[in-house]
Each structure stands twice: as C-alpha cells, then as structure tokens.
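Notes follow once the structure below has been shown.
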Amino acid sequence: MNNKWMRAALPALLIHSSIGTVYCWSIFKQAIADYIGQPTADVEWAFSLAIFFLGMSAAVLGHFVEQDIKKSALLSTVFLVIGMAGTGLSIHAHSLVGIYLFYGIIMGIGLGIGYLTPVKTLMLWFKDNKGLGTGLAVAGFGLAKMVYSPIMFKLQQSIGLWQMFVILAAVFLVTMTLGMVLIKKPDDWIEEPLVNKFQPVALLKNRSFIGIWLMFYLNITCGLAVISQEKDIMGSLVNGNGIAIFSATAITTVVSVDAFFNAAGRIGFATLSDHLRDRNTVYKIIFVLSAALALATFFMPSTAAWLAIVLVMTFFTINAGYGGGFSALPPLLSDRFGMKAISKIHGLALSAWAIAGLSGNQLASFITNGLHLQYQSMFIVIAILYVVALGIAYVMVKPQQTLVY
C-alpha cells in the first residue's frame with residue numbers, strides 16, 4: 001500500500017479528475033442561462049471567475065499546501081463540494097450572483113488548492129521521472145472533460161440541471177475524500193522548515209521565472225483562444241456548394257477527441273522532458289509545432305480540400321501543447337529553483353493561468369466579434385504569440401538553478 005501508485009498517482013487522479021470537471025462548463029452553460037433567464041454572456045463570467053480564483057488561490061496558498069498535504073486536500077474538498085452544491089441551489093433559486101459566488105469564487109478556490117495538492121508529492125515519489133509523475137496528475141484534469149461530459153449530459157436529461165450539481169457534489173465528496181486518505185509523501189522525505197524565509201519578491205524579479213511565467217501565460221492564452229472557438233469555427237465552414245463541411249456529429253467527435261489529445265499531451269510532453277538535457281526544450285517544441293500548424297491553417301485557402309484535415313490537426317496539436325504546458329511546468333520549476341519551496345513557486349507561476357483565463361476567451365471574441373474578422377485572422381495572431389513565446393524560451397529562461405529560500 002505504501003508505494004508511489006497508491007500514495008501519489010491514484011490520489012492525484014482522484015483529486016484532479018474531480019476538479020477538472022470545471023472544463024465541462026460548455027456542457028451546461030446555455031442550460032443555466034435558459035433556466036435562470038439571464039444572457040449567456042453574463043453567465044459566462046462564472047467560468048472566468050472560477051479560473052481566475054483557481055490561479056490566484058494557488059498563488060496565495062502555496063505555503064499552506066507546502067505545510068500539510070492532508071489538510072490542503074481536505075480544504076480543497078470542502079470548497080469544491082460546497083461550491084458545486086451551492087451552484088445547484090443558486091440555479092434553483094434563479095440567482096446569478098449565487099452562481100458567481102459558489103461556482104466562480106468558492107469552487108474556484110477549491111480548484112486552486114486541489115490543483116497544487118498532489119504535485120510536489122508526485123515529484124517526490126517519481127524523483128527520477130518527475131515529468132511522468134506530474135503528467136499523471138494533470139492528465140486526470142484533462143480527462144475529466146471526456147469522462148464527465150456524457151455523465152453530466154445524461155444527468156441533466158434524467159434528473160434536472162440544478163439536481164445534477166447536487167449529485168456531483170456528493171460524488172466528488174467521495175472521490176476527493178478517498179484521495180485525501182490515500183495521499184502521502186515518501187517516508188524518507190522530511191519537510192524541514194526553510195533556513196531562510198521564502199523570498200517571493202526575489203522570485204518575481206528572477207529573469208528565468210519571469211520568462212517561464214510569460215511563456216506559460218502565452219501558451220494558455222493561445223490555447224484558450226482556439227479551444228473557445230472550435231465549435232463555431234467548424235460550424236462556419238462550407239464547401240463550394242454551400243454545404244457544411246462538418247456535421248453536428250463530426251463537431252462533437254472532434255471536440256471529444258480534443259480532450260484525449262489534451263490529456264495525452266499532459267503525459268507525453270512531461271514524460272519527454274524526463275529524457276531531455278533541458279526541460280525547457282519541451283516548451284520550444286510545443287511552440288514550434290503550434291505556430292507551424294496555426295500558420296498552415298491561416299494560409300490554407302478556404303476552398304482547399306485539405307482545409308478540414310489541417311484544421312483538425314491544428315486543434316489536436318494546440319490542445320496537446322496546451323495540456324503539455326501544464327504538466328511540464330512543475331518539473332521545469334523544480335530544475336530551476338529546487339524542491340523545498342516548489343508548491344509556493346508553482347502556485348505563483350499559476351497566477352499566469354488566472355490572467356490567461358480572462359484574456360484567452362476575450363482575445364478570440366475580440367477578433368471574431370469585436371473586429372468582425374474571419375477565424376483565419378485568429379490563427380495568424382496566435383501564431384505570432386507562439387513565436388514570441390519561443391523567443392522568450394530562448395532568451396529569458398536560463399538553464400542554471402537559482403534558489404529563492
């Protein structure tokens with residue numbers, strides 16, 4: 001029982017597959033708007049708030065996670081369960097403010113604590129394969145959409161919308177509590193107090209950390225810009241005869257397979273980093289591949305027979321790189337700044353997710369709705385951003401280690 005699979009990998013999957021259901025938002029956002037009689041655009045802010053508070057709670061509470069892994073798992077469970085149940089009751093009461101509070105703020109805080117909780121433990125158990133360890137954890141976050149989306153759809157149909165949230169709150173109470181019971185750091189690791197107090201200001205001034213933050217932020221922003229528009233892009237494509245290129249079934253299939261590539265990228269890219277001299281090379285690979293496919297989509301004529309294939313390849317590549325950026329982050333940070341304060345450091349880096357959670361969707365919306373440009377314009381913009389991120393990876397993220405404690 002006292003091994004890395006039962007004490008690290010399994011509890012990480014139990015916790016991350018529960019909190020990862022935040023990415024199922026598109027399954028029920030329109031249903032919420034219709035049920036409470038509010039514009040979809042107003043309801044959308046609940047998701048943006050959830051991602052924002054995920055990133056910011058991780059940034060602020062990294063020290064708490066560092067101190068006691070069991071307590072952080074418990075706190076994450078409490079916030080997530082209350083957030084889910086409260087969301088259901090707020091929907092029942094037709095309260096948009098309640099949805100903001102429970103789904104956006106309370107659940108968002110639970111997401112941030114829960115996201116951080118298993119990461120250091122995994123890297124301690126998988127000390128020779130840190131990338132694989134973190135990949136296993138955040139793969140659960142990515143796979144949650146694939147696993148829970150059909151379940152949520154069925155629950156909405158069979159028992160109702162607000163009841164679905166209450167039922168899932170009970171389910172996550174069980175799964176996350178089990179994860180809390182199982183999770184444990186290795187017996188040979190002693191969490192010693194830092195000799196010198198952790199210096200976040202020194203970290204925030206560190207050139208490599210700034211570079212890592214920026215390229216992580218840009219990767220998420222580009223990923224969210226594409227992910228948020230996939231359905232609309234595929235739905236807008238017609239052939240020379242005015243017939244839709246993608247059927248409703250094809251669109252649903254592509255979106256589902258996207259979740260697989262997102263999860264596969266989380267395991268694949270992080271595991272690849274275990275075999276590279278410098279883990280930062282993984283980000284360079286992600287940026288080159290994503291920029292190349294985005295450019296191919298931009299320059300592909302709208303009447304080209306290969307357009308649909310190239311477009312789907314672009315979606316899959318960007319989804320894989322988006323997921324891989326998350327899983328490759330903790331091992332890269334541990335290489336640059338050591339393991340002692342890794343939860344604090346990782347938490348501060350996740351503040352990039354909070355900001356990108358607000359900017360990614362808005363970037364795509366501004367290009368397609370604000371400027372009224374075709375979807376191809378979005379691909380040239382994100383290709384440029386990927387190239388900027390690639391430049392940052394080369395210029396700012398240096399290989400030497402710098403301790404900030």
Self-check item: Filtered residue count, region 252-278, keeping only those that are among the charged types (D, E, K, R) and closer than 12 Å to GLY324 by Cα
Solution: 1
Quiz item: Would you call ILE210 farther than 30 Å from HIS92 by Cα, open to solvent by 90 Å² or more (accessible area, probe 1.4 Å) and among the hydrophobic types (A, V, I, L, M, F, W, C)?
Solution: no
Self-check item: Spans of helices (runs of 4 or more DSSP H) in region 316-372 with at least 1 residues open to solvent by 10 Å² or more (accessible area, probe 1.4 Å) and out of contact with any helix residue (DSSP H, G or I) (no Cβ under 6 Å at 6 or more places or on another chain)
Solution: 329-337, 351-365
Quiz item: Out of region 73-104, which residues are of a type in the set (A, V, I, L, M) and under 17 Å from the mean Cα position of the chain (by Cα)?
Solution: LEU80
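Please find, among LEU74, LEU80, LEU124, the residue that is within 27 Å of ASN361 (Cα to Cα) and either acidic (Asp, Glu) or in a helix (DSSP H, G or I) (or both). Quick ask: steps written out before the conclusion?
Values: LEU74 fails: within 27 Å of ASN361 (Cα to Cα); LEU124 fails: within 27 Å of ASN361 (Cα to Cα).
Every option except LEU80 fails the conditions.
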Quiz prompt | Top-ranked residue in region 157-179 [being of a type outside the set (Gly, Ala, Ser) and open to solvent by less than 40 Å² (accessible area, probe 1.4 Å); ranked as farthest from PHE79 (Cα to Cα)] | solution = LEU161
Exercise. Could you pull out the residue among ILE227, ILE245 that is more than 26 Å from ALA8 (Cβ to Cβ), touching a residue at least 60 places away in the same chain (Cβ under 8 Å) and touching a strand residue (DSSP E or B) at 6+ places or on another chain (Cβ under 7 Å)?
Key: ILE245
Self-check item: Number of the condition not met by VAL181 [criteria: (1) modelled with pLDDT of 95 or more; (2) within 25 Å of ILE51 (Cα to Cα)]
Solution: (2)
Practice problem: Output the residues belonging to region 263-280 that are surrounded by fewer than 21 Cβ atoms within 10 Å (Cβ to Cβ) and charged (D, E, K, R). | Solution: ASP274, ARG277, ASP278
Quiz item: Does SER290 satisfy the condition of being touching a residue at least 60 places away in the same chain (Cβ under 8 Å) and more than 29 Å from GLY338 (Cβ to Cβ)?
Solution: yes
Practice problem: Keeping to region 382-405, report how many residues are open to solvent by less than 50 Å² (accessible area, probe 1.4 Å) and either assigned to a helix (DSSP H, G or I) or among the small types (Gly, Ala, Ser) (or both). | Solution: 9
Quiz item: Among the residues of region 281-298, is any part of a helix (DSSP H, G or I), farther than 18 Å from GLY223 by Cβ and open to solvent by less than 40 Å² (accessible area, probe 1.4 Å)?
Solution: no
Self-check item: Options ILE51, ILE69, ILE15, ILE32: the member that is open to solvent by less than 40 Å² (accessible area, probe 1.4 Å), over 26 Å from SER327 (Cβ atoms), under 23 Å from the mean Cα position of the chain (by Cα) and in contact (Cβ under 8 Å) with a residue 12 or more places away in the chain
Solution: ILE32
Quiz prompt | region 92-114: number of residues that are open to solvent by 10 Å² or more (accessible area, probe 1.4 Å) and touching a residue at least 40 places away in the same chain (Cβ under 8 Å) | solution = 7
Quiz item: Got a sec? Which of SER302, SER256 is assigned to a helix (DSSP H, G or I) and surrounded by fewer than 19 Cβ atoms within 10 Å (Cβ to Cβ)?
Solution: SER256
Practice problem: Go through (1) among the aliphatic types (A, V, I, L, M); (2) free of Cβ contacts under 8 Å to residues at least 12 places away in the same chain; (3) not in a loop (DSSP other than H, G, I, E, B) and name the single condition LEU276 misses. | Solution: (3)
Quiz prompt | Search result, residues across region 1-58 that are modelled with pLDDT of 90 or more and of a type in the set (Ser, Thr, Tyr) | solution = SER17, SER18, THR21, TYR35, SER57
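The values are calculated or read from the model by the stated rules, or taken from the named source; none is laboratory data. Note that the structure is a prediction, hence the values are computed from the model and not measured. Please note: Cβ atoms are built from the backbone with ideal geometry, for glycine as well, and neighbour counts cover all protein chains shown. Note: accessible area is taken over every heavy atom of the protein model, side chains too, but ligands, DNA and RNA are not part of it. Shrake-Rupley method; radii C 1.70, N 1.55, O 1.52, S 1.80 Å.
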